Amino acid sequence: AIRCRAAVAWAVDKPLSVEEVEVAPPKAGEVRMKIVATGICRTDDHVLKGCFPNMDFPVIPGHEGAGIVESVGEGVTSVKPGDKVIPVSLPHCGECSFCLNPESNYCLKSHFSETQCLLPDKTSRFTCKGKQIHHFLWVSTFAEYTVIPEYAVAKIDAAAPLDKVCLLGCGFSTGYGAAVNTAKVKPGSTCAVFGLGGVGLSVVMGCKAAGASRIIAVDINKDKFAKARELGATDCVSPQDFKKPIQEVVIEMTGHGVDYSFEVIGLTDTMTAALASCNMNTGICVMVGVAASGSTISIDPMLLLSGRTWKGCLLGGRKAREFIPKLVSSYMQKKFNSDLLITHTLPFAQVNEGFELLRAGK
């Protein structure tokens with residue numbers, strides 16, 4: 001076992017507590033890795049706020065990390081000690097009907113099918129003060145060491161800077177992939193992106209990379225507009241500047257609505273607005289934001305009957321163990337600059353300050 005620090009969430013609505021934890025060795029089919037860097041994603045905040053009804057506490061959150069394999073369990077062949085890796089919150093077992101479908105990036109072993117608060121054998125590798133601590137999405141990057149199933153680990157370029165590519169573990173790959181994989185944005189098209197957090201800005205980058213001619217960025221926080229423009233947005237609008245619904249504004253700006261719209265906030269009202277913002281016949285709306293558990297949406301069926309397509313997107317729309325290493329290679333070839341998304345770099349002990357910055361929209 002390894003003793004190390006981890007940020008433990010003991011209960012809902014309590015700050016994280018940096019504790020000494022014990023991390024057991026990996027069992028068969030598992031990988032123990034040293035986490036070098038981790039991003040903070042809004043989904044981690046959803047854990048702390050109690051938005052997931054099936055979340056078990058105490059738990060070590062975090063799912064956007066990068067690190068180095070420390071040891072492997074019996075039967076592990078895809079990685080070895082010393083390899084640089086990114087853990088993925090959407091596994092790829094390679095055996096279930098979804099993994100065998102080339103069009104799918106879902107896996108039946110993932111957290112929508114069964115809880116990922118314990119490893120697949122229904123035990124934990126974390127203990128603290130004599131108590132079992134739960135895993136989060138099998139990843140738990142808010143620990144200096146973590147144990148993950150082999151099929152939730154992606155080997156990456158040995159030269160990649162871990163403090164930069166950790167973002168590709170969730171936020172960047174989710175947003176960028178929503179544009180290039182799920183929507184399949186075409187050159188010369190028009191796009192609208194609702195929400196300019198790290199994931200929304202990654203959607204903007206994906207739309208630009210795909211050759212969109214116009215990218216309308218929508219957010220109530222105007223402080224985010226400069227960064228959005230730097231990353232490729234052509235127009236920035238705040239719904240608070242208009243008396244009419246924002247979808248009407250987008251339609252007026254474009255004539256008949258955009259070709260592609262993306263909701264990257266997780267609010268049912270903006271999901272409906274994003275759908276209504278795209279072309280009534282050929283428009284494609286992609287839902288990226290995670291709504292609160294139990295949310296429901298009421299829409300006019302005519303929004304879809306006229307021909308619009310409404311899609312969801314998980315972790316970039318492609319099998320993460322294949323997609324993320326390719327993204328890292330593209331990053332190394334300077335095909336995009338995700339470093340521009342990094343606003344603050346904090347020592348591990350200041351993890352709660354990171355959440356304060358997130359909640360303040362900074």
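The values are calculated or read from the model by the stated rules, or taken from the named source; none is laboratory data. Nothing here was measured: the structure is a model prediction, and the numbers come from that model. Counting neighbours? That spans all protein chains shown, and the Cβs are built from the backbone with ideal geometry, glycine included. Only protein heavy atoms, including side chains, enter the accessible area calculation; ligands, DNA and RNA are left aside. Shrake-Rupley method; radii C 1.70, N 1.55, O 1.52, S 1.80 Å.
Using packing as a proxy for protection, rank 309-319, 123-133, 209-219 so that the peptide with the highest average count of other Cβ atoms within 10 Å comes first. Could you put the intermediate results ahead of the total?
On the way: 309-319: 19.9, 123-133: 16.5, 209-219: 21.5.
So the order, starting with the most tightly packed, is 209-219, 309-319, 123-133.
Could the peptides 92-99, 262-269 be put in order, highest first, of the mean number of other beta-carbon atoms found within 10 Å of their residues?
Details: 92-99: 16.4, 262-269: 23.1.
Listed from highest to lowest mean packing, they are 262-269, 92-99.
Just to be sure I understand the model, the point goes 7 Å from the Cα along the line to the Cβ. What's the resulting Q132 to N337 distance in nm?
4.9 nm
With θ set to phi - 60°, apply the Karplus curve 6.51 cos²θ - 1.76 cosθ + 1.60 along the stretch 136-148 and write out the HN-Hα couplings as whole Hz, x wherever there is a Gly or Pro.
10, 6, 6, 10, 6, 7, 7, 9, 5, 9, 8, 10, 9
Starting from the 7 Å offset along Cα-to-Cβ, what nm value, one decimal, do you get for the label separation of S293 and F112?
Using points 7 Å along Cα→Cβ, the separation is 1.6 nm.
With the contact rule set at Cα under 8 Å and sequence spacing of 6 or more, what percent relative contact order holds for the stretch 175-312?
22 percent
Reported to two decimal places, what Rg/Rh ratio describes the stretch 197-307 when computed on Cα atoms with Rh from the Kirkwood expression?
Rg divided by Rh gives 0.94.
In whole Hz, with x marking every Gly and Pro, tabulate ³J(HN,Hα) for the stretch 241-258 from phi via Karplus 6.51 cos²θ - 1.76 cosθ + 1.60, θ = phi - 60°.
8, 10, 7, 8, x, 4, 5, 5, 4, 5, 5, 5, 5, 10, x, 10, x, 7
Based on the alpha-carbon gyration tensor of the stretch 162-233, what equivalent-ellipsoid semi-axes (square roots of 5 times the eigenvalues) come out, in whole Å, largest first? Each step should come with its number before you reach the end.
Numbers: eigenvalues 64, 52, 18 Å².
Whole-Å semi-axes of the equivalent ellipsoid: 18, 16, 9.
Name the residues whose placed amide hydrogens come within less than 5 Å of the amide hydrogen of I133, ignoring near sequence neighbours (fewer than 5 apart) on the same chain.
F126, T127, C128
Could you grab the relative contact order for the chain? Cα pairs under 8 Å, six or more apart, rounded to a whole percent.
17 percent
Using modelled backbone amide H atoms (1.01 Å from N, in-plane), which distant-in-sequence or interchain residues come within less than 5 Å of C107's amide H?
So C107 has HN proximity to no qualifying residue.
Which far-off residues, 5 or more places away or on another chain, put their amide H under 5 Å from the one on V286, with H placed in the peptide plane?
Amide H to amide H, under 5 Å and 5 or more residues apart or across chains, V286 pairs with S261, F262, E263, K311.
With n ≥ 4 as the cut-off for DSSP H runs, can you work out [θ] at 222 nm for the chain, using -39500 (n - 2.57) per run divided by the number of residues, rounded to the nearest 500?
-6500 deg cm²/dmol
Measuring from the lowest to the highest alpha carbon on each principal axis, how far does the stretch 43-123 reach, largest first, in angstroms?
37, 31, 23
Residue by residue through the stretch 225-231, which ³J(HN,Hα) values in whole Hz follow from phi under the Karplus form 6.51 cos²θ - 1.76 cosθ + 1.60 (θ = phi - 60°), with glycine and proline marked x?
5, 4, 5, 4, 5, 4, 8
Of the listed pairs K27/K80; K34/K362; K84/K164, which have alpha-carbon separations greater than 21 Å here?
K34/K362
Provide the packing ranking of 59-65, 182-188, i.e. peptides ordered by the mean count of other C-beta atoms within 10 Å per residue, highest first.
Output ranking for 59-65, 182-188: 59-65, 182-188.
Projected area of the chain, taken from the Cα convex hull and averaged over every viewing direction, in nm²?
17.3 nm²
What accessible surface, in Å², does a 1.4 Å probe find on R5, ignoring ligands, DNA and RNA and rounding to the nearest 10?
100 Å²
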